[in-house]
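Worksheet: one structure, shown below.
Values quoted throughout were computed directly from the atomic coordinates according to the rules given, and no laboratory measurement underlies them. Just so you know, these numbers come straight off a predicted model, no measurement behind them. Note that we place each Cβ from the backbone using ideal geometry, even for glycine, and neighbour counts take in every protein chain shown.
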Protein chains: 2
Amino acid sequence: MLNREHFEDLDKTDPLTSFYEEFDLPEGIVYLDGNSLGPLPKKSKERARQVVEQEWGRDLIKSWNKAGWFHMGERIGDKIGGLIGADPGEVIACDNTSINLFKVLSLALDMRADRRKILMEGSNFPTDNYVAQGLTKHLGYGHEVIFAERDQLIDAITEDVAVVSLVHVHYKTGRIMDVKAVMEKARSVGALVVWDLCHSAGAVPVELNDWKADFAVGCGYKYLNGGPGAPSFVYVAKRHQGRFRQPLDGWWGHKAPFDFTRDYEPAEDIWQMMTGTQPILSMSLLEEGVDQMTRADMGLIREKSKRMGDLFIQLVDEKLEGYGFEIVSPRDAEERGSQVAMTHEYGYPVVQALIERNIIGDFRAPDILRFGFGPLYTRYVNIWDMVETLQDVMQKNLWNLPEYQAKAAVT
Amino acid sequence: MLNREHFEDLDKTDPLTSFYEEFDLPEGIVYLDGNSLGPLPKKSKERARQVVEQEWGRDLIKSWNKAGWFHMGERIGDKIGGLIGADPGEVIACDNTSINLFKVLSLALDMRADRRKILMEGSNFPTDNYVAQGLTKHLGYGHEVIFAERDQLIDAITEDVAVVSLVHVHYKTGRIMDVKAVMEKARSVGALVVWDLCHSAGAVPVELNDWKADFAVGCGYKYLNGGPGAPSFVYVAKRHQGRFRQPLDGWWGHKAPFDFTRDYEPAEDIWQMMTGTQPILSMSLLEEGVDQMTRADMGLIREKSKRMGDLFIQLVDEKLEGYGFEIVSPRDAEERGSQVAMTHEYGYPVVQALIERNIIGDFRAPDILRFGFGPLYTRYVNIWDMVETLQDVMQKNLWNLPEYQAKAAVT
């Protein structure tokens, strides 16, 4: 049987310990929701002040050049690229994930103009499906979005599929998709692939160029700790750049924005993925989070993340048997991202009861409890404390109080 | 002849004086570029700290509800709506102007499915034209973007035009479009109209519902003082809502985002203009700028703005004759937004010489010098000092120094 000392010992020898102090997490909180919103790096406080008070307040429009505002998307993109196995000039930060997905799906359909199918996993994070549905409806050329679940996925990648759009790490279960199998099958039938890296970047090794990936998108506010609603990033493999044009043309994607020409001339590099002016404050804090992540060793992050997940599952098995929880994440760490999800019939009030006890996880309808691990700030003891608190909640029936039932009813 | 005392007296009796102190403008700077980037309201410094340190740092994911992050776009939208003659529920803040224009142009083409033409002013701010070009190319149904300049514009609004997309206040000349003439002609031929309010909102009276407007977009970082790259806003008249669907479907535009359904079901109100997660830090500072603007009287803003423009032009006539400047903004204040533009053969080095002397205006290729007035922070004496400095620069040939020539060459 595990005990708390075991977790304390792991913290003492954790090679990532030095990062703990770089975050401004509230005292007494066990934060296991970095897979939804990463916590605040202390440096981001200073950066926010600098951007608002110095760059905007003092330097005003000069900052477009002096503070590098205008090219921040490329700069951050290159840094993120280094985290996901892309070369400089293949990634740019801008807009949000849904909009960037619209851009790359449009590109993919243009590149496979003789095909009409977009293949998605039905249980994708919904926005991915919605974007594909909006795009095909908008085009009106008889494109269709077809769905397959994991077991049927490889078989569903056929010669009439233009593009396969998949989440790399599943937002609910944390399951990692079998990239190799998808890429091989897609290549064999000439389909393009878009990877959604929202739950991967900063948490799980990603090697886009090794994968011979085509396109990818991802968000900045989860494991990259870029702040609430931080802008997204988009990857376009070098070999696909400059040949087709994403449809959200705007002046920032023009080859010479300040020429103010009447007609659009697309940039021929990753800059073409830009559309309009970017939210500089949010971009700046994204950069701060990314900078921090580039100083960490992804191998160590991954090792710690896997171990945390394994220990979490072991503790759930040991301490929560008979309370109606079912682990829905893969038990094999190799197949699991940096979160563990389980189902419970009364998941919502249970999560509420944990939150009241300073354990922050989240709930996803209809019955999923998600707990994410950010190896730069999550301590091993957090896992112990979380499961022990949950055991207490279940033993004493603390989740089944009238107050939580009322909250459940209004949500 | 005017003199500095005259300007000082105007400042003394300016009913907007109390707003001066609400901005954090650097000492000694004459800032006449709020038409590009509005200056920092002091309250925005505090708000930035609150959002970063308290809402993100302390409250983490709770802030989506507790701090109202999720519905901030509607809240800010309603406030902006109050500034531009829209009802609650007709405006929402999100994304950037180019992307919002893509949404409303798409809607307009859907609503006029039997027509193929988008009419733009060729000298529109270029991104407007680019968005229309990208959209028509993407659709590939033989839509075309046709251009007309001001003199031919009304005649060009014909029965085969689906939508007319115009800037209300021209970004270079500051000229205000004749809204009544455009709306009447458009209505008579069944064309829809999109107004780009980037240089209008917060500076010039706009009455969208009185105009019987269809759609509008605008940006938050100019006269709304929302900070660099602040998100944009989009207006859809109530009568057009819920009937058609903008194509950038994402989970934020779904009627029930947290149901996580597989298939998209559009919200039937302004929320449908949402796509993905918004950059909360940048949104928050936009709200702060908008809040400030809602406390000001638009009638007073407009009166001061007109008077400043008139005085600027009068001073240019008096003090800069023979130096090769030509006013290209309307001399009639009724036809002019909150800026005055003039041309000069060596506009770029002249603007640089002014900047070196703490007078901040800007330059737009090929030969335009722009000077904007933000009635909440621009003082009358700023106008005097600016023209006097420019006179000095021209008299002493200070713009024609090797250092400015070198800068001109590298830009």
Binned at 5 Å from zero, the C-alpha pair distances of the range A:95-209 give percents of 2, 12, 25, 25, 22, 11, 3, 0
With +1 at each Lys and Arg Cβ and -1 at each Asp and Glu Cβ, the charge dipole magnitude of the protein assembly as shown around its Cα centre, to the nearest 20 debye, comes out at 580
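Looking at the range B:112-155, which GluC sites (Glu not before Pro) are DSSP coil and have at most 12 other C-beta atoms within 10 Å of their C-beta?
Working: sites: B:Glu121, B:Glu144, B:Glu149; in loops: B:Glu149.
Answer in residue order: B:Glu149.
Please give me, ordered by residue number, the GluC sites (Glu not before Pro) of the range A:240-294 that lie in loop per DSSP and have at most 16 other Cβ atoms within 10 Å.
On the way: sites: A:Glu268, A:Glu287, A:Glu288; in loops: A:Glu268.
In loop regions of the range A:240-294 (DSSP not H, G, I, E or B), the sparsely surrounded GluC sites (Glu not before Pro) are A:Glu268.
Given a Förster distance of 41 Å, report the FRET efficiency between B:Glu265 and B:Asp291 from their Cβ-Cβ distance, rounded to the nearest 0.05. Show your work: numbers first, answer last.
Working: r = 33 Å, r/R0 = 0.81.
With R0 = 41 Å, the Cβ-Cβ based efficiency is 0.80.
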For A:Gly324, inter-copy label-point distances (7 Å, Cα→Cβ), nm, shortest first, read 8.3
Taking Cα atoms, the helix A:380-395 axis meets the longest principal axis of chain A at an angle in degrees (rounded to 10) of 60
One decimal, nm, nearest first: from A:Asn397 to the same residue in each other copy, label points 7 Å out along Cα→Cβ, the values are 9.6
Label model pair A:Tyr346, A:Ala365: point-to-point distance (7 angstrom along the Cα→beta-carbon line) in nm is 2.1
In Å³ per residue, the alpha-carbon convex hull of the range B:70-294 encloses 110
Rounded to the nearest 10 degrees, the helix B:280-294 long axis (Cα) sits at an angle to the longest Cα principal axis of chain B of 60
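Extension gain B:Arg243-B:Lys137, at 0.36 nm per residue separation less the Cα-Cα distance, in nm?
35.7 nm
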Copies of A:Lys42 compared via label points 7 Å along Cα→Cβ give distances in nm, shortest first, of 3.1
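With r as the distance between the Cβ atoms of B:Asp317 and B:Ile146 and R0 = 35 Å, compute the FRET efficiency 1/(1 + (r/R0)^6) and round to 0.05. Working shown, then result.
Details: r = 38 Å, r/R0 = 1.08.
Given R0 = 35 Å and the Cβ-Cβ separation, E is 0.40.
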Amide H proximity to A:Val164 below 5 Å, modelled H, separation 5+ or other chain, gives A:Leu119, A:Leu192, A:Val193, A:Val194
Quick calc: nm separation of the 7 Å Cα→Cβ label points for A:Glu21 and B:Asp59 -> 3.0
The helix A:179-189 Cα axis meets the longest alpha-carbon principal axis of chain A at an angle in degrees, between 0 and 90 and rounded to 10, of 30
Here the whole-number average of other chain Cβ atoms within 10 Å per Cβ of B:42-51 is 3
Neighbour-count ranking for A:Phe363, B:Phe258 (other C-beta within 10 angstrom, fewest to most) reads B:Phe258, A:Phe363
To the nearest 0.05, the calculated FRET efficiency linking B:Lys42 and B:Glu303 through their beta-carbon distance, R0 being 35 Å, is 0.90
Phi angles of the range B:103-110, converted by Karplus (6.51 cos²θ - 1.76 cosθ + 1.60, θ = phi - 60°) into ³J(HN,Hα) in whole Hz with x for Gly and Pro, give 4, 6, 5, 4, 4, 5, 5, 5
Shape call for the protein assembly as shown, from the Cα gyration tensor axes a ≥ b ≥ c (a/c under 1.5 means rounded, otherwise prolate when a/b beats b/c, else oblate), comes out prolate
Interchain or sequence-distant (5+) residues whose placed amide H lies within less than 5 Å of the amide H of A:Asp24 are A:Leu40, A:Lys42
From fewest to most C-beta neighbours within 10 Å, the residues A:Thr261, A:Thr136 line up as A:Thr261, A:Thr136
Cross-link reach from A:Lys180 to aspartates and glutamates, straight Cα distance under 19 Å and at least 8 residues apart if same chain, gives A:Glu121, A:Glu149, A:Asp151, A:Asp155, A:Glu159, A:Asp196, A:Glu207, A:Asp210, A:Asp214, A:Asp332, A:Glu334, A:Glu335
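Count, for each residue of B:93-100, the Cβ atoms from other chains sitting within 10 Å of its Cβ, then give me the mean as a whole number.
6
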